[in-house]
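**Student:** Below you will find the structure I want to go over with you.
What follows is calculated from the coordinates using simple rules that are stated; it is not laboratory data. Quantities reported herein were computed from a predicted structural model and do not represent experimental measurements. Don't worry about glycine lacking a Cβ; one is built from the backbone with ideal geometry, like all the others, and counts go over all protein chains shown.
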Amino acid sequence: MSTRPTIYKGKTGQWAFVLHRISGFLILMFILLHIIDISTINFPSVYASIHRLYGNVFMRTFEVGLLFGLTYHALNGLRVIMIDFFPGVIKNEKRLFVAMFSLSLLLTVVGGVIILKPFFTGRV
Amino acid sequence: MALRERSFPSQRRNSTTMKRSKANFETWSWFFMRISGLILFFLALIHFSITHIFNDVTTTTVAFVAKRWANPLWRVFDWLLLALGLMHGSNGLRFIMDDYIRTPRRRAFAKAFMYSLSAALFVVGTITIVTYKGTL
């Protein structure tokens, strides 16, 4: 291990922060892409051909990743708000991180099954 | 204890020993991220549920969008998601740029590029939502 000190010394708070930052960045990149693809709505054939891509299995897997990013960023955001506004919450910061991370994982698995199912049942 | 040293506006301070810092741009930025985040929590998750969970992504065709946008309330919903999502996201990216881009020149260039791109996409998105005249 490096002897250089880090701000959080590699504890849960640091990982919560790193994941929050990465997921936020990736969600913003998707928003930029999404604004462009929806703007083709006035050209229905272009919209349809771009949109068909979202149905293939690679994009479906990507959508499951987006779901994890969204649910994690949303739930960890609530954790950050709770820590900032309620002084007592910092004592349960670690347990709260585990709870939020597990909940986002659970939502991703449930949503992921729904998103990927049409591929495995051969509907796409 | 880095966390204890951060001065958030919600922290109570002893007014005799410490003057309360004036609310500056960063204070409002901090507050904006909490409020917009709370609103986006609902907007983004509802939007994703509708377009990926309750409807399969392959059914969200032009007709699907036209039907939804026939109701102006959904246009307001989508426009709020666009505006708040872009503002929350670009402000977050501003934090990231402040942290990792070390020379002031590059930081200025990166931010100028980011602000221009976000503003352009905000205009594109707003035009798309407001001017769409789809037939069902």
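**Student:** Could you give log10 I(q)/I(0) at q = 0.11, 0.15 Å⁻¹ for the protein assembly as shown, computed by the Debye formula over C-alpha point scatterers of equal weight, without solvent?
**Tutor:** The computed values of log10 I(q)/I(0) come out as -0.72, -1.22.
**Student:** I would also like to ask the following. Ranking A:Trp15, B:Trp74 by Cβ neighbours within 10 Å, fewest first, what do you get? If you can, show how the numbers build up before the last one.
**Tutor:** Values: A:Trp15 13, B:Trp74 16.
The order, fewest Cβ neighbours first, is A:Trp15, B:Trp74.
**Student:** Given a Förster radius of 35 Å and the C-beta distance between B:Tyr100 and B:Ile39 as r, what FRET efficiency does 1/(1 + (r/R0)^6) yield to the nearest 0.05? Let's see the in-between values first.
**Tutor:** Values: r = 28 Å, r/R0 = 0.79.
Efficiency at R0 = 35 Å is approximately 0.80.
**Student:** Using a cut-off of 27 Å between alpha-carbon atoms, which lysines can reach A:Lys11, once sequence neighbours fewer than 8 places away in the same chain are excluded?
**Tutor:** Straight-line reach from A:Lys11, under 27 Å: A:Lys91, A:Lys94.
**Student:** Continuing with the same structure: Rounded to the nearest Å, what's the spacing between the alpha carbon centres of the stretch B:87-126 and the stretch A:28-70? Just the number, please.
**Tutor:** 22
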